[in-house]
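Below you'll find the structure, written out as structure tokens, and then a few comments.
The values are calculated or read from the model by the stated rules, or taken from the named source; none is laboratory data. Since the structure is predicted, the reported quantities are computational estimates derived from the model, not experimental observations. Using ideal geometry, Cβ is built from the backbone for each residue, glycine included, and neighbour counts are taken over all protein chains shown. What goes into the accessible areas is simple: the full protein's heavy atoms, side chains included, and nothing from ligands, DNA or RNA. Shrake-Rupley method; radii C 1.70, N 1.55, O 1.52, S 1.80 Å.
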Amino acid sequence: MGRHLQVHLIMASGELNSALHITTDAQCNGKSKTLEDQAIDSSVQITCFTEDLHDVALHFQIIRLTKQIYVWIGCNTARFGHLYAAAATQPNNAVSVTSLIGGSSDNTGSGIARRLVLKTGLNIVLACNIPKDSPMVEATAERKLVEKLRNLGYVKATPEGMRATLAGS
């Protein structure tokens, strides 16, 4: 049986506040759902999936907005974890990452957020509750997430010359 989810979008121009009502499954079932609000001509795509590793369950939620992607990665629980925001900055398109929620001593997820900006060309908001001393879990989570983003068409194409350089490193 479904439940109702309400999403509020605030547009920068005029602070337009609009609500979308959708019906979702009680649990993430790996299916993408596209939401459209005709009043503001905007679309939101929500994708949820779970990857079961040997002793770890990684849960993912991806919300694709017009110019940004929100990602949540849960490790064994549905706890929110630390929250990071990452974006390309001027003048040289370097990526800046900041911690919005969580301590500065635990930067698990900040590297993922930075690399996602480079791969997608979009602003990234990443919530992550991967344990601090689990680099293999973090690497696996990032690999699975990038795979899914690539399948969804969110990863920008890499020029051929860069592919050969990246493969050699």
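Being open to solvent by 50 Å² or more (accessible area, probe 1.4 Å) and in contact with a helix residue (DSSP H, G or I) (Cβ under 6 Å, 6 or more places away or on another chain) is the filter here, so list the residues in the stretch 89-125 that pass it.
VAL97
Open to solvent by 40 Å² or more (accessible area, probe 1.4 Å) and modelled with pLDDT of 90 or more: is that true of LYS148 in this structure?
On the way: open to solvent by 40 Å² or more (accessible area, probe 1.4 Å): yes; modelled with pLDDT of 90 or more: yes.
Judged against the criteria, LYS148 is a match.
For residues that are surrounded by 13 or more Cβ atoms within 10 Å (Cβ to Cβ), under 16 Å from the mean Cα position of the chain (by Cα) and assigned to a loop (DSSP other than H, G, I, E, B), tally how many sit in the stretch 69-80.
Residues in the stretch 69-80 being surrounded by 13 or more Cβ atoms within 10 Å (Cβ to Cβ), under 16 Å from the mean Cα position of the chain (by Cα) and assigned to a loop (DSSP other than H, G, I, E, B): 1 in total.
LEU58 - would you say it is part of a strand (DSSP E or B) and over 12 Å from the mean Cα position of the chain (by Cα)?
yes
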